[in-house]
Structures are given as C-alpha cells and as structure tokens.
Amino acid sequence: MVETGANVRHVCYGFGMTLSQGYMRFPFALGLVVALLGPPVSEAADRKQASDPWIASVRLIRDGALDGSGIYLKSGLVITAAHLTAAEAKMGVQIAGVALPATVLKQGSFEDVDLTLLSIDEEKLPLKLPQMQLCAASPKPGDAVIVVDYANAARSHIVSPQILPDKFQDKFATLIGDVATTGNSGSGVFDPKHKCLLGIMSRKFISHIAEGDKEIAKYLVSAVAIRDFIPAEFTSLKW
C-alpha cells in the first residue's frame, strides 16, 4: 500500500494470478499474442493479416528471479512498470522462448511516472518480433481493450476516472474495469481495433466499505505518457 485517503487506497502488485474466467491462455511459450480479439474480417488476405501475431510480451527477470511483465515495442526496446525494475539490479527478460540480458535505459518511479524503458539485443532474438505502435488517440470510457501479460490475455473496458475520489482523478485518468480478471503490473493494455498500445498497467484502486474492501479499477500509464517518457534519441522510430 502506498497511499490512503477518502477510504480509497491504491496499490502496486506483482504476479500471482491463475487462469480464471475472462482469461485466455495461449498454447505456446513465445510471448507472442495472436490477434484473435480484433475486428472480424471477410477476405482471405485480411484473415491472414488479422491472424498474424501483433503483440510480443515479455516476462521480466530481476536479479535472477522471475518478476512481472513488459511489452516489446521495437528495435530491442521493452516498456514496463518502474516498480518492477531497478537501475542497480541485474535485469533480463524471457522473450520468444529465450532469456536475454536487459539494460535499463531510463528508470521512472512509482510515485511519479511508473515506467521503465529496457533495451535488449534484438540480434539475439530467434525470430522477428512484431513492432508495436503507441496509440495516437486517448481511450474513452466504454472503449473495449485487451490486457496482455507474459502468459494471458483478457478483455476489459475503459472506465471513467469519476469513479475515484476527486484528488485522484487528474493524476490517474486512464482506468480499466474488470480488476479481478486482467493482468497485473507491466501488462500491456491494447486497442484491438487499431492494434496499438494504450498503456502499461501500474496499480489498482481499492475502496474501503462496510462490507469489506472492494476493488474499483486499475490504472494504466497512458500512451501519451509513454511517448513523453521515451528518450529523445529514439524519436526517429516514429511512435
């Protein structure tokens, strides 16, 4: 727990979730997620394109221990949540069936911008990975999304920040529902229609009520924040 107030707290969390209703476990361990949640297609060529993997997820390795998730962007860059990494730690990733060392290019913080940008040697990847674009448009309440961690994917939807106390609404404006059935820290949240990254999962909000704690929503660091976070030397990659 990191903050309390107005009977609401927000917490960061690791990975310990099991397969439950709303999850889809993919029958391979490459960290590649097929586009089975995208819009329907009718032409054969479109069907082939829609069935091609378009998300590459990673599992983090921190000081030799398996940790949370991250998302492969392009050119050897991986984005994840800052509270899962440390600049002084020995970082690595499991991706495409191999374990590779990772360098921390930029380390954020949980209290500020909960993002870390990692770099891996893409020449050591056993296959060519899909390149991920950051979404240009901000999501709206009700928009359908998919949430992907290193092993699972789940449907969810964007919810309004108005469900939070006033003091949280500006800072934590991008939220999803379906708290119990979606991936945790470092998971990617995607727009299945435009096949782009909407944000990286950071924390969840819990409300204290007479009947007990109630999970309200999960916060994702938005694509806008990711674009601002990526160092200037990588702007040529056309995010």
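No value in this document is a laboratory result; all are computed from the given coordinates. These numbers were taken from a predicted model, which means no experiment stands behind them. For neighbour counting, all protein chains shown are included, and Cβ atoms are generated from backbone atoms with ideal geometry for every residue, glycine included.
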Problem - Sites Asp166 and Ala144, calculated FRET efficiency, Cβ-Cβ separation with R0 22 Å, nearest 0.05 - result: 0.20
Exercise for the section: Straight distance only, please: which aspartates and glutamates reach the Cα of Lys214 with their own Cα at less than 19 Å, same-chain residues fewer than 8 apart left out? Expected result: Glu3, Asp166, Asp178
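Roughly speaking, what is the stretch gain from Ser236 to Leu66, that is 0.36 nm per residue apart minus the C-alpha to C-alpha distance, in nm to one decimal? All intermediate terms of the calculation are to be shown ahead of the outcome.
Numbers: separation 170, 0.36 × 170 = 61.20 nm, distance 3.22 nm.
Computed gain between Ser236 and Leu66 is 58.0 nm.
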Exercise for the section: Would you please give the residues with an amide H less than 5 Å from that of Leu105, counting only those at least 5 places away or on a separate chain, with H modeled from the backbone geometry? Expected result: Leu117, Leu118, Ser119
Fill in the blank from the handout: Taking every C-alpha to C-alpha distance in region 78-233 and binning by 5 Å from 0, the per-bin percentages run 2, 9, 17, 21, 21, 15, 9, 4, 2, 1, 0, 0
Problem - Cα→Cβ-extended label distance, 7 Å offset, between Ala173 and Ala137, nm - result: 1.7 nm
Handout entry: Net charge of neighbours whose Cβ lies under 13 Å from the Cβ of Gly70, counting Lys and Arg as +1 and Asp and Glu as -1
Key = -1
Practice task
Return the long-range amide H neighbours of Asp67 (sequence gap of 5 or more, or a different chain), with a cut-off of under 5 Å between placed amide H atoms.
Solution key: Leu60, Ile61, Arg62
Problem - Mean Cβ neighbour count within 10 Å, used as a protection proxy, ranking 230-236, 163-169, 208-214 highest first - result: 163-169, 230-236, 208-214
Handout entry: Shape parameters for region 48-164, alpha-carbon atoms, Rg then Dmax in Å
Key = 15.3, 45
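Take the Cα pairs of region 54-108, get the Kirkwood Rh, then feed it into Stokes-Einstein at 37 °C and 0.692 mPa s and tell me D in µm²/s. Walk me through the intermediate numbers first.
Working: Rh = 11.1 Å.
Using the Kirkwood radius from Cα pairs, D works out to 295 µm²/s.
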Exercise for the section: Once you have the Cα-Cα distance between His208 and Lys90, take 0.36 nm times their residue separation minus that, and quote the gain in nm to one decimal. Expected result: 38.7 nm
Handout entry: lysines whose Cα lies under 22 Å from that of Lys195, excluding same-chain neighbours fewer than 8 positions away
Key = Lys48, Lys74, Lys128, Lys140, Lys218, Lys238
Practice task
Quickly work out the Lys128-to-Arg155 label distance, labels modelled 7 Å from Cα along the C-beta direction, and quote it in nm with one decimal.
Solution key: 3.3 nm
